[in-house]
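Undergrad: Pasting a structure below so you can have a look.
What follows draws every value from the coordinates through simple rules; no lab data is involved. What you see is a predicted model, and the numbers here were worked out from it, not measured in a lab. Note: ideal-geometry Cβ built from the backbone for every residue, glycine included; neighbour counts use all protein chains shown.
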Amino acid sequence: MTNYCKFIGKRVGYMLVTLFFISSITFLLMNFLPGSPYNNEEKLTNQQRQIMDEKYGLNKPVTERYATYMSGIVRGDFGISLQFSNQPVGKLLSKRIGPSLQLGIQAMLLGTVVGIVLGTISAMYQNSFTDTFASLTAIIGRSIPNFVFAVLLQAIFAISLKWLPIALWDDGFRSTILPTIALSISPMADAARFIRTEMIEVLNSDYVELARAKGQSEWRMAFVHGLRNALIPLITILGPMTVGLMTGSLVVENIFAIPGIGEQFVKSILTNDYATIMGVTLLYSTLLVVVILLVDILYGIIDPRIRVAGGTS
């Protein structure tokens, strides 16, 4: 237990160092961007631009601005958005992160569960029609972009059948159904593919053959004995994918008019809104390193054979 705590503590330290370098590199890259946050303000004179630079500290040396930025991060202050009504970046992102998080979590849960079921059934009935159908479904889901599925879902369930709203974010849970399904296609396909490959190997292992000889059903062997060992490689890829979905899919968010963080990020890039760009980048990076840490912890929970020794895995 002590070694496991040391391992987690070391990984948290690595996380903090990683976030420090990411925030520093992002800050430096922002200073090399061409133009300024006032590119779209054609009516501003040079004198007015100088006044704005002085107001927001953009005329100060890079080292001084870097120190101000890093000290603000420590306090939880990501600066002021220069293009979105001078709102604090933290407040701006807090309004946007909710829809993206909700859609990302729903899509990951739906896609993972369906993918695990498809992959398990495909492995149990290898080289059969069921296997071919499940594998084809996974291939189609991985090959076709999620925004194509989004448009098809709108055309069928919103326009033709009129069962669900076509867009917007004002109809409660019903507004999330179509974008959730569209975003879940990719994780479903990846989960099905990985589970099928791992389950075929697990179902042919010696301990499963022993369980089969004892008269246990194929379903019990698959979901009780086999699935636990097959989940480890799946968790590895689902971690970063979860972060990607939670922080928003730009195209899908635009198709369904969802006020998520993906749309905010692109608008910030187009307008050189430095503080918002850095805030979104740091938010994404934080979610990613936290998920990677959780993946490492889940390894030991899912497979008891994985142990931490001497503070290393």
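Undergrad: With the dipole of the chain worked out from charges on the C-beta (+1 for Lys and Arg, -1 for Asp and Glu) around the Cα centre, which of VAL208, MET52, PRO34 lies farthest toward the positive end?
TA: Final value for the positive-end residue is VAL208.
Undergrad: Would you work out the charge dipole size for the range 97-261 about its Cα centre, treating the Cβ of every Lys and Arg as +1 and the Cβ of every Asp and Glu as -1, and quote it to the nearest 20 debye? If you can, show how the numbers build up before the last one.
TA: On the way: 9 positive and 10 negative charges, 37 e Å.
About 180 debye.
Undergrad: Taking a quarter of the surface of the Cα convex hull of the range 97-261, what do you get in nm²? Intermediate values should be presented prior to the final figure.
TA: Values: hull surface 41.1 nm².
Over all viewing directions, the range 97-261 projects a mean Cα-hull area of 10.3 nm².
Undergrad: Compare the peptides 97-107, 12-22 by average per-residue count of other Cβ atoms within 10 angstrom and give them in order, highest first.
TA: 97-107, 12-22
Undergrad: Just to be sure I follow the rule: in the chain, considering lysines 8 or more places apart or on different chains, how many pairs have Cα atoms under 23 Å apart?
TA: On the way: LYS43/LYS55; LYS43/LYS267; LYS55/LYS91; LYS55/LYS267; LYS91/LYS267; LYS95/LYS267.
The number of close lysine pairs in the chain is 6.
Undergrad: Once phi is turned into ³J(HN,Hα) by the Karplus curve 6.51 cos²θ - 1.76 cosθ + 1.60 with θ = phi - 60°, what whole-Hz value does each residue of the range 161-172 show in order, with x for glycine and proline?
TA: Here the 3J(HN,Hα) series is 7, 6, 7, 10, x, 6, 6, 6, 10, 10, 10, x Hz.
Undergrad: In whole Hz, with x marking every Gly and Pro, tabulate ³J(HN,Hα) for the range 53-65 from phi via Karplus 6.51 cos²θ - 1.76 cosθ + 1.60, θ = phi - 60°.
TA: Those phi angles translate into 4, 5, 4, 9, x, 7, 8, 7, x, 4, 5, 5, 5 Hz.
Undergrad: Then there is this: With the Cα gyration tensor of the range 136-197 in hand, convert its eigenvalues to equivalent ellipsoid semi-axes via √(5λ) and list them largest first in whole Å.
TA: Numbers: eigenvalues 128, 29, 14 Å².
Rounded to whole Å, the semi-axes are 25, 12, 8.
Undergrad: Taking GluC sites (Glu not before Pro) as exposed when DSSP calls them loop (any state but H, G, I, E, B) and at most 16 other Cβ atoms lie within 10 Å, what is the longest stretch of the chain free of them, the sites themselves excluded?
TA: Values: sites that count: GLU41, GLU42.
Counting only loop sites that pass the neighbour cut-off, the longest clear stretch is 43-313.
Undergrad: Work from the charge dipole of the range 97-261 (Cβ charges, +1 for Lys and Arg, -1 for Asp and Glu, about the Cα centre) and give the residue of LEU118, LEU183, ASN229 farthest towards its positive end.
TA: Most positive-ward Cα: LEU118.
Undergrad: Relative contact order (percent) for the chain, with alpha-carbon contacts under 8 angstrom and 6 or more residues of separation? Walk me through the numbers on the way to the answer.
TA: Working: 371 pairs, mean separation 91.2, N = 313.
Here the relative contact order equals 29 percent.
Undergrad: According to the square roots a ≥ b ≥ c of the eigenvalues of the Cα gyration tensor, what is the shape class of the range 196-240, taking rounded for a/c under 1.5, prolate for a/b larger than b/c otherwise, and oblate for the remainder? Don't jump to the answer; show the numbers that get you there.
TA: Values: a/c = 3.35, a/b = 2.47, b/c = 1.36.
Here the range 196-240 falls in the prolate category.
Undergrad: In whole Hz, what ³J(HN,Hα) sequence does the range 203-214 give by Karplus (6.51, -1.76, 1.60; θ = phi - 60°), x for Gly and Pro?
TA: 5, 9, 7, 5, 5, 6, 4, 5, 5, 5, 5, 7
Undergrad: Moving on. Work the Kirkwood hydrodynamic radius out for the chain: mean of 1/r over every pair of different alpha-carbon atoms, inverted, in Å. Kindly include the intermediate steps, with their values, before the conclusion.
TA: Details: mean 1/r = 0.0444 Å⁻¹.
This gives a value of 22.5 Å.
Undergrad: For the range 214-285, calculate the relative contact order in percent as a whole number, restricting contacts to Cα pairs under 8 Å that are 6 or more residues apart. All intermediate terms of the calculation are to be shown ahead of the outcome.
TA: Details: 24 pairs, mean separation 13.6, N = 72.
Dividing the mean separation by the residue count of the range 214-285 yields 19 percent.
Undergrad: Below 8 Å, C-alpha to C-alpha, sequence gap of six or more: please give me the relative contact order for the range 97-261 in percent. Mind showing how you got there, number by number?
TA: Working: 226 pairs, mean separation 66.7, N = 165.
Averaging sequence separation for qualifying contacts and normalising by length gives 40 percent for the range 97-261.
Undergrad: Using helices alone, I'd like the mean residue ellipticity at 222 nm for the chain: each DSSP H run of four-plus residues gives -39500 (n - 2.57), total over residue count, nearest 500. The partial results should precede the final answer.
TA: Numbers: 12 runs with 216 residues, N = 313.
Helix-only estimate at 222 nm: -23500 deg cm²/dmol.
Undergrad: Now for a separate question. Would you please give the residues with an amide H less than 5 Å from that of ILE80, counting only those at least 5 places away or on a separate chain, with H modeled from the backbone geometry?
TA: VAL89
Undergrad: A follow-up question, please. Net charge around ALA189, counting only other residues with Cβ within less than 12 Å of its Cβ (Lys, Arg = +1; Asp, Glu = -1)? Could the numbers behind the result be given before it?
TA: On the way: positive: ARG142, ARG193, ARG196; negative: ASP190.
Here the charged neighbours net out to +2.
Undergrad: Among the trypsin sites (Lys or Arg not before Pro) in the range 89-196, which ones are in a DSSP loop with at most 10 other Cβ atoms within 10 Å of the Cβ? Mind listing them? Kindly include the intermediate steps, with their values, before the conclusion.
TA: Working: sites: LYS91, LYS95, ARG96, ARG142, LYS162, ARG174, ARG193, ARG196; in loops: LYS162.
Passing both the DSSP loop test and the Cβ count: LYS162.
Undergrad: At 4 °C and 1.567 mPa s, what whole-number value in µm²/s does Stokes-Einstein give for the translational diffusion of the range 65-152, with Rh from the Kirkwood sum over Cα pairs? All intermediate terms of the calculation are to be shown ahead of the outcome.
TA: On the way: Rh = 17.1 Å.
My calculation gives 76 µm²/s for D.
Undergrad: So, with +1 on the Cβ of K and R and -1 on the Cβ of D and E, and no other charges, what is the size of the charge dipole of the chain about its Cα centre, to the nearest 20 debye? Provide the component values of the computation, followed by the final result.
TA: Numbers: 24 positive and 20 negative charges, 102 e Å.
Magnitude of the dipole: close to 500 debye.
Undergrad: Additional query: List the residues, sorted by chain then number, that are 5 or more residues from ALA257 or on another chain and whose placed amide H is less than 5 Å from its amide H.
TA: Excluding prolines and chain starts, which carry no amide H, the hits are LEU168.
Undergrad: Using only the alpha-carbon atoms, how far is helix 89-124 inclined from the longest principal axis of the chain? Give it as 0 to 90 degrees, nearest 10.
TA: 20
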